[in-house]
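Trainee: One structure, as structure tokens, below. Some questions next.
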Amino acid sequence: MNLAFISDVHGNIEALGSVMEEIRKDKAEKIFSIGDIVGYGPNPNECINALKDDADIIVAGNHDYAAVGMTDITDFNDYAKAAIQWTESVLSEENKAFLKELPLSSSIKKSGMLLVHASPKDPLEWEYVTNAGEADANFSFFSEKACFIGHTHTPAIIELSPEGKINFFRNGSEIKDGHRYIIDVGSVGQPRDGNPEAAYALYSGGAVEIKRVPYDILLTQKKMREAGLPSYLIERLSEGR
Ligand code: ZN
């Protein structure tokens, strides 16, 4: 059974459209969205509408909650704040209500999977899991075999061996018996690992693969300019940083 995991779409409908096309070719039976549908990009309503139709489970990200006043944005940098204020001003009432209802996490018991945007340890703190120490601090906070996350915009498959050793893989990994995993699926709409192509994860039983998909970055940037979004946010899409 193929399962697709996407995160951090951030209002980028061109990236989302290209990823969904690829997911259809993957013949994924289910699509899970792990937070931050909105924020940064120019098409928040379109991205919510598309995922309402296509995603089987959607959990909340910090930008989703921030856009509806449900999380504190004092920690956001000025660019993120400006984008959240713009997003709030264009979101439909229906989509605001939809974001407010999103759960912080979702457990798929029969597959042994947990979905949570930032960290299983304390989902509302929006902590980053980027190194072995941070991963180690999180494995005891979920009982499923694998926890799928986003938030860092940098894909990573973090493996905990039965002996307690932590291994990192960037592009894909076998899913081994007796091992446990934290899988950061990367970002569809604003990758930050130096590769500007949209990222998502495809799970197919024994393995997980991080897939990359080119999309029309110039069109997204044009729309962002027309919306008056900060130029730093526009330029970073070209470099994937
Ligand atoms: Zn994000």
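The values are calculated or read from the model by the stated rules, or taken from the named source; none is laboratory data. Fair warning: this is a prediction, and the values are worked out from it, not measured in the lab. Because the Cβ atoms are built from the backbone with ideal geometry, glycine has one as well, and the counts that use them run over all protein chains shown. In case anyone asks, the SASA skips ligands and DNA or RNA and just uses the protein heavy atoms, side chains included. Shrake-Rupley method; radii C 1.70, N 1.55, O 1.52, S 1.80 Å.
Trainee: What are the residues in the range 125-165 that are within 24 Å of Thr71 (Cβ to Cβ), touching a residue at least 40 places away in the same chain (Cβ under 8 Å) and more than 15 Å from the ligand (Cβ to nearest atom), if any?
Mentor: Ala135, Asn138
Trainee: It is to be established whether one or more residues within the range 142-160 are in contact with a helix residue (DSSP H, G or I) (Cβ under 9 Å, 6 or more places away or on another chain), more than 28 Å from Glu197 (Cα to Cα) and among the polar types (S, T, N, Q).
Mentor: no
Trainee: Just need a number here: residues in the range 39-55 that are within 15 Å of the ligand (Cβ to nearest atom) and out of contact with any helix residue (DSSP H, G or I) (no Cβ under 7 Å at 6 or more places or on another chain).
Mentor: Looking only at that region, the number is 1.
Trainee: Could you tell me which numbered condition Ser18 fails, if it satisfies all but one of (1) within 23 Å of Arg236 (Cβ to Cβ); (2) in contact with a helix residue (DSSP H, G or I) (Cβ under 9 Å, 6 or more places away or on another chain); (3) hydroxyl-bearing (Ser, Thr, Tyr); (4) modelled with pLDDT of 95 or more?
Mentor: (2)
Trainee: Those residues that are touching a residue at least 24 places away in the same chain (Cβ under 8 Å) and within 24 Å of Asp177 (Cα to Cα), I need them from the range 111-124; list them, please.
Mentor: Ser111, Gly112, Met113, Leu114, Leu115, Val116, Ser119, Pro120
Trainee: On to the next question. Here are some residues: Ala135, Ala82, Ala146, Ala118. Which one is more than 22 Å from Asn167 (Cα to Cα) and modelled with pLDDT of 95 or more?
Mentor: After ruling out the rest, the residue left standing is Ala82.
Trainee: Still on this structure, I have one more. Mind counting the residues in the range 169-215 that are surrounded by 15 or more Cβ atoms within 10 Å (Cβ to Cβ) and among the basic types (Lys, Arg)?
Mentor: 4
Trainee: Residue under question is Phe141, and the condition is that it be open to solvent by 20 Å² or more (accessible area, probe 1.4 Å), closer than 23 Å to Asp36 by Cβ and assigned to a strand (DSSP E or B); does it hold? Quick ask: steps written out before the conclusion?
Mentor: On the way: open to solvent by 20 Å² or more (accessible area, probe 1.4 Å): yes; closer than 23 Å to Asp36 by Cβ: yes; assigned to a strand (DSSP E or B): no.
For Phe141, the condition - open to solvent by 20 Å² or more (accessible area, probe 1.4 Å), closer than 23 Å to Asp36 by Cβ and assigned to a strand (DSSP E or B) - is not met.
Trainee: How many residues are open to solvent by 20 Å² or more (accessible area, probe 1.4 Å) and within 16 Å of Ser7 (Cβ to Cβ) if we restrict to the range 41-54? Give the derivation first.
Mentor: Our first condition is that a residue be open to solvent by 20 Å² or more (accessible area, probe 1.4 Å); within the range 41-54, this holds for 45-46, 49-50, 52-54.
Of the ones still in play, those that are also within 16 Å of Ser7 (Cβ to Cβ) are 50, 54.
Final tally of qualifying residues: 2.
Trainee: Please go through the range 22-60 and pick out each residue that is more than 22 Å from Ala227 (Cα to Cα), acidic (Asp, Glu) and in contact (Cβ under 8 Å) with a residue 40 or more places away in the chain.
Mentor: Glu22, Asp26, listed by residue number.
Trainee: Are any residues in the range 21-40 over 29 Å from Tyr232 (Cβ atoms) and open to solvent by less than 30 Å² (accessible area, probe 1.4 Å), and if so, which ones?
Mentor: Ile23, Asp26, Ala28, Ile31, Phe32
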